[in-house]
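What follows is a set of notes on a single structure, which appears directly below.
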Amino acid sequence: MKGLDRMLDKADEAAGFLKGLANAHRLMILCQLAEGEKSVSELIEATGIAQTSMSQHLGKLKAEGIVDFRRDHRILYYRIAHEAVMTIMGTLYESFCKER
C-alpha cells in the first residue's frame with residue numbers, strides 16, 4: 001500500500017504542476033521562454049498580453065517554480081527554471097510554437 005500512496009502523492013503533484021501550465025496565456029509566455037531568457041517588456045511585445053495580466057501570469061508561474069527571474073537594475077528577465085518544463089516545452093514548442 002505504501003507504493004500506491006506514493007504513486008497517488010506523485011499523481012497529485014503532477015496534476016497540480018500541469019494545472020500551472022494549462023492556460024493559453026501562460027503557454028504563450030512559456031513558448032517565448034523556450035527560446036531563451038526574455039525581459040517582461042519583450043514578453044509583452046511578443047505575446048500581446050497586457051502588463052497587469054503578464055505580471056499575474058508570471059507570478060503564478062514563479063509561485064509554481066516553473067520560471068525564475070534575475071534583475072538587472074530595473075529590468076526583470078525571466079527564464080524557465082524547471083527541468084521538466086524545459087522538456088515539455090521542447091515538445092510543445094516544436095509542435096505548436098515554432099514558426100513553419
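What follows draws every value from the coordinates through simple rules; no lab data is involved. These figures come from a predicted structure and were not determined experimentally. Positions of Cβ are backbone-derived with ideal geometry, glycine not excepted, and every protein chain shown enters the neighbour counts.
Exposure proxy ranking for LEU8, LEU76, LEU33, LEU58, based on other Cβ atoms within 10 angstrom of each Cβ and starting from the fewest, stands as LEU8, LEU76, LEU58, LEU33. Counting only DSSP H runs of at least 4 residues, each contributing -39500 (n - 2.57), and dividing by the residue count of the chain, the helix-based mean residue ellipticity at 222 nm comes to -19500 deg cm²/dmol.
Projecting label points 7 angstrom from Cα along Cα→Cβ for ASP72 and GLU37 puts them 0.7 nm apart.
Sequence-distant contacts, meaning Cα pairs under 8 Å at least 6 residues apart, place the relative contact order of the chain at 27 percent.
At the listed q of 0.10 Å⁻¹, the Debye profile of the chain, built from one uniform point per Cα, gives log10 I(q)/I(0) equal to -0.30.
Coupling constants for the stretch 80-97 follow from the phi torsions by the Karplus curve (6.51 cos²θ - 1.76 cosθ + 1.60, θ = phi - 60°), and in residue order they are 6, 10, 9, 4, 5, 5, 4, 5, 4, 5, x, 5, 5, 4, 4, 7, 10, 9 Hz; glycine and proline get x. Charging the Cβ of each Asp and Glu at -1 and of each Lys and Arg at +1, and nothing else, the dipole of the chain about its Cα centre rounds to 140 debye. Close amide-amide hydrogen proximity is noted between SER39 and TYR78, each under 5 Å apart and 5 or more residues distant or on a separate chain (H modeled in the peptide plane; Pro and chain starts excluded). Rank MET86, HIS57, CYS97 by how far each Cα sits towards the positive end of the charge dipole of the stretch 2-97 (+1 on Lys, Arg Cβ; -1 on Asp, Glu Cβ) and give me just the farthest. The one lying farthest along the dipole's positive direction is HIS57.
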